Amino acid sequence: MKSLEQLHEICERMRKVVQLREENVKEILEKAAMCESGKDADGNTYRTHVLVCGGTGCTSSGSARIRERLEKEIEANGLSDEVCVVKTGCFGLCALGPIMIVYPEGTFYSMVQEEDIPEIVTEHLLKGNVVKHLLYEETVKADKIIPLNETNFYKKQHRVALRNCGVINPEKIDEYIGTGGYEALGIVLTEKKPEDVIQILLDSGLRGRGGAGFPTGLKWKFAAGNDADQKYVCCNADEGDPGAFMDRSILEGDPHAVLEAMAIAGYAIGASQGYIYVRAEYPIAVQRLEIAIEQAREYGLLGKNIFDSGFDFDIELRLGAGAFVCGEETALMTSIEGNRGEPRPRPPFPALKGLFQKPTILNNVETYANIPQIIVNGPEWFASMGTEKSKGTKVFALGGKIHNTGLVEIPMGTTLREIVEEIGGGVPNGKKFKAAQTGGPSGGCIPAEHLDIPIDYDNLLSIGSMMGSGGLIVMDEDTCMVDIAKFFLEFTVDESCGKCTPCRIGTRRMLEILEKITKGQATMEDLDKLEELCYHLQSNSLCALGQTAPNPVLSTLRYFRDEYIAHIVDKKCPAGVCKDLLQYKIDPDKCKGCSLCVKACPFGAIDMANRKAVINDKCTMCGVCVESCKFGAITKVEEESENDLSAYKDVWVFAEQRA
């Protein structure tokens, strides 16, 4: 077991190593003497650290093989005593993986391939010549190479929850301690009373980062005020929103931050046992959590009598099977208990009767990741960031029709335009921004007219969306908003636990109406029925999954009702997405008879007649023929409508008034 004094010694030794990877180029080079005295977690001294992303995204692109090849080339060039290879978590810019950063220069190599390694080792690591053609292009200027934190993707970010991701080796506890890790736990156990800790969180303004944004300190206060022989601290790592990977990346890159925060929570509410409910679909996160828990126990940071304070606290993992409904707090606790993951009626709330009917608090990974820094730096530091009612920063998983996909952490109050156009690099291929979906299946679409809205909890709710866990999907002009609503309803129907009738039956009826609309078979009465069902689900479903399932439909109806009416009245999909309202035509004057489209079609839907391509009735509208044609002879066109739109003038006026 490590004492506080021993922890401080590790921190002083490791701080010099970790700082080598954090500071900007100029400061690092000015402190070269510091680098010579800094030793890594194994006691070795190196002049150069090569950080290779070991997150899920880069691992799937082959970063493990790259790291192995790198170590072999370093050894072959006699650099093993001078250069160390560090496996880290996610750097954030996932679109450019596999990623490698060389310190102290801070050189950012992107889309690295195994065959690039010999050149990087011999030219950069051995001779000191940066391999410019392999660098992230935005860091390369005419006269210099700029630091990563000066690029558009990073310069407006402020990393709190992600501060150690891409900086430390998450599998070495000493590196976490070198960043000030477990200092907050030491402060709490030796200097603070439980009520002091809760007051710090209340003063900080931290709100839950997993959904509705309930004040974290208030939740802890409720649980602390309920007497019981046993209380529990739970972590929701069951991140199920499509396109969301914020919590997974924190667990992969900085697992000890979550363990430390849970121990602090246990002290604050009087709990001795914690559970992390994590998806079995996250094998890297699970592995690193297992390693981190074992290391923390070995150091006496989990277990009995932590820091000789008399406080006992331990953590166990529980693996989820991937049910989206288990992201709801009562369903999650039911699953931990060994039962089918279904929500329970509230009240009583978990702070009174939660896991095993005992007082329980549940926060998500990102919420916990903020807490050690709040304790160390003070609540005023955290409250100085963000807006009046939404303090601190928020991590978003930026995806969809955007140049820079990846993880971003920005202060609350940053506008959607800044996220999309500056950090995200804008919409590719010259397309126009159409909408952004926040909050996943529980959220809503934000149209272009609200691009300048500051992102915080209350602002998003006011325009029909929500923060959710932090997925942010960008859509361009080629996106059909009816199809988007249908996509999220399909997901909700599949993930409904079926316990309550409004969700089990209502979501399916809504999906059936959306399918009719996208096939051009619906009527305006169906649209009214769809909207009525939305409000019925919101007010009658048992849990948040059902209550928020209508949000994507309601938000698209609010801002893109004209697209719904076009599908219903004109039998057309304005974005050209809904296959039942489209057809492909081949211009015989442009067709050269090359038969490339015939060979490319996977369904045998194109025949050759008189040396010209002709589409038959097997066409599934997959679009492969359009991509294969080199002469622009095949085009996607909307089916001709027999309806006269002028007859629906009153319908359009009425719809505009309702919108």
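The values are calculated or read from the model by the stated rules, or taken from the named source; none is laboratory data. Note that the coordinates shown come from a computational prediction; the quantities given were computed from them, not determined experimentally. Virtual Cβ from ideal backbone geometry, glycine too; neighbours counted across all protein chains shown. Ligands, DNA and RNA are excluded from the accessible area calculation, which covers all protein heavy atoms including side chains. Shrake-Rupley method; radii C 1.70, N 1.55, O 1.52, S 1.80 Å.
Tabulated data for the structure shown
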| quantity | calculated |
| --- | --- |
| Long-range tail of P(r) for the chain (Cα pairs > 35 Å, %) | 49 |
| Charge dipole magnitude, Cβ of K and R +1, D and E -1 - the chain, Cα centre, debye nearest 20 | 860 |
| Accessible surface, per residue, of the range 353-509 when the full set of protein chains is kept, probe 1.4 Å, Å² | 32 |
| Taking N as its residue count, the alpha carbon Rg of the range 189-231 over 2.2 N^0.38 Å | 1.25 |
| Candidate residues 312, 526: accessible-area rank, largest first, probe 1.4 Å | 312, 526 |
| 1.4 Å probe accessible area per residue over the range 160-229, in Å² | 35 |
| Share antiparallel - DSSP beta bridges, the chain, percent rounded to 5 | 60 |
| Square roots of 5 times each gyration tensor eigenvalue, C-alpha, the range 354-403, largest first, Å | 25, 21, 10 |
| In range of the label at residue 309: residues from the range 252-290 whose backbone nitrogen is under 12 Å from the point 7 Å along Cα→Cβ | 260-271 |
| Restraint check, 132/431; 519/612; 571/618; 156/221; 2/219, Cα-Cα greater than 27 Å | 132/431; 519/612; 156/221; 2/219 |
| Portion, in percent, of the accessible area of the range 377-421 that falls on carbon or sulfur, probe 1.4 Å | 47 |
| Positive-end residue of 109, 309, 350, charge dipole of the chain with Cβ unit charges | 350 |
| Lys, Arg +1 and Asp, Glu -1 on Cβ, resulting dipole of the range 283-362 about Cα centre, debye, nearest 20 | 340 |
| C-alpha long axis of helix 501-518 to longest principal axis of the chain, angle in ° | 50 |
| Segment residue 60-residue 228, length gained on full extension (0.36 nm per residue, minus Cα span) | 55.9 nm |
| Residue-averaged [θ]222 nm for the chain, counting only DSSP H segments that reach four residues, each worth -39500 (n - 2.57) | -11000 deg cm²/dmol |
| Residue-normalised accessible area of the range 64-105, given per residue in Å² at a 1.4 Å probe | 39 |
| Net charge, residue 622 excluded, C-beta distance under 12 Å - Lys, Arg +1, Asp, Glu -1 | +2 |
| Inter-part distance where the range 242-314 and the range 329-361 are each reduced to a Cα centre, Å | 20 |
| Accessible carbon and sulfur surface of the range 293-374 relative to its total accessible area, %, 1.4 Å | 48 |
| Rounded to the nearest 20 debye, dipole of the range 328-411 from Cβ charges on Lys, Arg, Asp, Glu | 220 |
| With every protein chain in place, the range 141-251: carbon and sulfur % of accessible area (1.4 Å) | 47 |
| Ranked order, 458, 254 - accessible area, probe 1.4 Å, largest first | 458, 254 |
| 19 Å Cα-Cα reach of residue 630 towards aspartates and glutamates, excluding residues that sit fewer than 8 places from it in its own chain | 587, 589, 607 |
| Probe 1.4 Å - accessible area at residue 595, Å² to nearest ten | 30 |
| With Cα atoms, 0 to 90° folded angle of helix 524-540 axis to the chain main axis | 20 |
| Degrees between helix 481-495 axis and first principal axis of the chain (Cα, 0 to 90, nearest 10) | 60 |
| Segments 605-611, 433-439 sorted - mean Cβ within 10 Å per residue, highest first | 433-439, 605-611 |
| Kirkwood-based Rg to Rh ratio, the range 43-193, C-alpha trace | 1.01 |
